[in-house]
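A.B. asks: The structure's right below; bear with me while I get my questions together.
Readers should treat all values here as calculations from the given coordinates under stated rules, not as data from a laboratory. All values derive from a computational prediction rather than experimental measurement.
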Amino acid sequence: MITIFNRKELFMTYSMEKQAALRQALADAGIDYTVQTMDRSSPSPFSAGSRGRMGTFGTPMERMLTYVIYVKKKDYEYAQYILRNLS
């Protein structure tokens with residue numbers, strides 16, 4: 001099980017295709033991972049109303065979702081190797 005205490009950020013992208021390819025490669029290698037998806041168009045819990053005042057005008061649609069992939073700290077080196085060799 002991956003928790004906040006034993007995980008390390010491996011990769012961050014806006015591309016659904018890139019995160020899907022990396023997730024498949026990690027699964028094929030038997031590496032556990034978690035994905036955190038952040039929606040830039042939804043209100044932020046830490047600054048309520050900020051997007052309501054400012055909006056998302058000018059933000060490209062392909063930048064609305066951010067994908068962050070985490071792996072266990074013990075698997076990080078191997079996961080980096082997989083990421084580097086991903087075509």
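A.B. asks: At 0.36 nm per residue, and after removing the present C-alpha to C-alpha distance, how many nm does the segment from Y78 to F5 gain when stretched out fully?
C.D. replies: Gain on extension, Y78 to F5, equals 24.4 nm.
A.B. asks: Still on this structure, I have one more. Fully extended, how many nm does the chain gain between T13 and L65 (0.36 nm per residue separation, minus their Cα-Cα distance)?
C.D. replies: 17.9 nm
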